[in-house]
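Beneath this line is the structure, given in structure tokens, with notes to follow.
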């Protein structure tokens with residue numbers, strides 16, 4: 001039975017012309033200038049093992065806010081799932097972040113398997129503009 | 001795998017200016033296929049939470065398809081980088097000339113070493129005959 005070995009959040013992920021995975025900006029925390037804010041794009045890369053090609057995958061994605069509320073994509077365009085031979089790429093767009101704290105990104109593979117990754121979100125003070133002469 | 005959550009081989013991996021990991025051209029565990037020759041590649045190991053700040057002191061050895069061992073002293077050059085939970089081992093010019101499966105063995109940790117195995121399958125280089133037609 002197919003299972004998820006690991007999952008990583010990153011800025012961008014894609015398959016190259018040899019169908020190998022490329023991941024840019026693997027994220028362990030989110031630093032935002034202010035809140036509330038919508039993040040344009042975040043991707044999740046999940047390593048899929050024991051998957052038989054051609055078999056349908058039953059996938060579900062959800063995000064838990066620091067307040068304990070589970071949220072999902074607000075529109076069909078806000079989520080895109082691509083399954084390669086051994087990887088699942090999930091693109092999340094216009095993510096609504098409203099508070100500091102730990103956000104949990106969860107992936108369901110069939111009802112019995114749940115993998116999650118926790119990402120702390122911090123608001124960083126905006127940098128002072130540099131005077132240029 | 002002990003202190004290692006997962007590992008993979010790739011064309012190249014690096015940390016961007018904000019310290020985030022970037023991985024280019026990654027193969028699944030044990031499935032990298034290359035033609036015989038000299039290659040540049042990077043091994044990426046994602047360390048588990050229990051690893052903490054443990055000194056890893058990586059030792060890398062390479063076993064050829066015929067079972068011969070090569071280590072750092074025998075021409076397996078590598079450099080290493082570590083940030084947070086990620087360890088990168090860069091191999092700038094590893095010579096893989098025998099057809100078959102090479103196995104990298106990466107030993108990590110001094111107190112209770114973890115041995116990590118990653119395989120690379122080498123096949124014959126197929127030379128392409130190219131005819132160029134053009135005029136200057």
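What to note about this one:
- Taking packing as the residue-averaged number of other Cβ atoms within 10 angstrom, the listed peptides A:65-72, B:5-12, A:81-88 run from highest to lowest as B:5-12, A:81-88, A:65-72.
- Once the gyration tensor of the Cα atoms in the stretch B:33-87 is diagonalised, the equivalent ellipsoid follows with semi-axes of 26, 13, 11 Å, ordered largest first.
- Projected onto its three principal axes, the C-alpha set of chain A covers 60, 37, 25 Å, listed from the longest axis down.
- Put the Cα centre of the stretch A:39-104 next to the Cα centre of the stretch B:3-43 and the gap is 24 Å.
- Footprinting exposure proxy for B:85, A:18 (fewest neighbouring C-beta atoms within 10 Å first): A:18, B:85
- Over the C-alpha trace of the protein assembly as shown, radius of gyration and Dmax come out as 21.3, 69 angstrom.
- Distance (nanometres) between label positions extended 7 Å along Cα→Cβ at residue B:105 and residue B:93: 2.7 nm
- Exercise: per-residue mean of other protein chain Cβ atoms within 10 Å, A:88-100: 0
- Extending 7 Å from the Cα toward the beta-carbon at both residue B:16 and residue A:118 defines two label points whose distance is 2.5 nm.
- Placing a label point 7 Å from the Cα of residue B:50 along the Cα-to-Cβ direction, the residues of the stretch B:1-26 whose backbone N falls under 14 Å of that point are B:1-6.
- Across peptide A:24-30, the mean count of Cβ atoms from other chains lying within 10 Å of each residue's own Cβ comes to 5.
- Average other protein chain Cβ within 10 Å of Cβ, residues B:12-21: 3
- Point-to-point label distance, residue B:123-residue A:50, nm (Cα→Cβ direction, 7 Å offset): 2.8 nm
- For chain B, the spread of Cα positions along the three principal axes, ordered from largest to smallest, is 62, 40, 25 Å.
- GNM remark for chain B: springs join alpha carbons under 10 Å apart, and the peak mean-square fluctuation among B:101, B:35, B:18 falls on B:18.
Every number here is computed from the coordinates shown, using simple stated rules; none is lab data. Keep in mind it's a predicted model, so treat the numbers as computed, not measured. Every residue, glycine among them, receives a Cβ derived from its backbone with ideal geometry; neighbour counts consider all protein chains shown.
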